Structure formats: C-alpha cells, structure tokens
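Data first, discussion second: the structure below is written as structure tokens.
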Amino acid sequence: MIKKPKIHKKKKFSSILKNKKLIYFLIFIVILIFLRLFVPIISKKNELRDRKEKLEEQIHVLTQNIQALEDEKEKLEKDKLYIEQIARDQLGLGKKDEIVYSIVPAEQEKKTKK
C-alpha cells in the first residue's frame with residue numbers, strides 16, 4: 001500500500017494561513033466571543049460596585065441615626081433638665097403654679113381658623 005505523503009496536508013494548511021481574509025475573519029470571531037463573554041461580567045461588576053457604595057452610604061447614615069438615638073435615650077434616662085425642656089417645648093407643660101403661653105405664628109393661625 002502506498003501512503004499519502006504528509007507534505008500534501010501541510011500545503012493545505014499553509015494555503016489556509018496565506019488566506020488573509022480567513023485569518024482576519026477568525027480573529028474577528030474570537031474577539032466577538034471574548035466580548036460576548038466578558039462585557040456582561042464587567043458591567044455586572046460595575047453595577048454591584050455602585051450598589052455596594054450606596055449600601056455603605058446607607059449604613060453610614062443609619063449608624064449616625066443610631067448614635068443620635070442612643071444619645072437621646074441616655075439624656076432622657078439621666079438628664080432631668082433635658083426632660084423638663086422637652087416637656088415645656090414639645091408638650092406645652094409647665095411647673096406647678098406656672099402659666100404657659102403658646103405663641104402661634106400668623107400663618108398657622110389662619111390655617112386653624114379655616
């Protein structure tokens with residue numbers, strides 16, 4: 001039996017390599033596949049990074065709110081003058097035998113009359 005020489009296959013391969021249009025097309029296909037695979041991953045990463053930043057900002061704001069509420073709680077538990085001030089300002093209360101006057105702004109008075 002006569003075997004085909006390997007030189008013939010090499011010629012086919014080399015002729016394919018010489019065809020520049022085919023090489024450019026294959027490179028283009030590889031780039032498209034790369035973009036198809038990695039662009040969504042990169043955009044998802046950016047989206048998650050933005051979300052993380054927003055959540056970190058919310059955590060910061062909520063931590064400040066918690067600290068303010070803890071300070072308020074401590075004042076309400078220990079500071080009698082602060083409790084008295086809250087009672088006077090927000091509840092309109094006064095001490096025994098004290099007359100409490102409430103000054104209503106003109107705009108608010110008009111709204112209550114309607």
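Quick one: is LEU93 surrounded by 10 or more Cβ atoms within 10 Å (Cβ to Cβ) and part of a loop (DSSP other than H, G, I, E, B)? Considered against the rule, which asks whether it is surrounded by 10 or more Cβ atoms within 10 Å (Cβ to Cβ) and part of a loop (DSSP other than H, G, I, E, B), LEU93 comes out as yes.
Only a single item in (1) modelled with pLDDT of 90 or more; (2) of a type in the set (Val, Ile, Thr); (3) assigned to a loop (DSSP other than H, G, I, E, B) is not met by ILE31, and it is number (3). Can you confirm whether segment 40-58 contains a residue that is loosely packed, with under 10 Cβ neighbours inside 10 Å and closer than 30 Å to VAL104 by Cα? Looking through segment 40-58, none of the residues is loosely packed, with under 10 Cβ neighbours inside 10 Å and closer than 30 Å to VAL104 by Cα. There is no residue in segment 51-61 that is assigned to a helix (DSSP H, G or I) and more than 18 Å from the chain's Cα centre (by Cα).
The values are calculated or read from the model by the stated rules, or taken from the named source; none is laboratory data. These numbers were taken from a predicted model, which means no experiment stands behind them. Cβ: placed from backbone, ideal geometry, glycine included. Neighbour counts: every protein chain shown.
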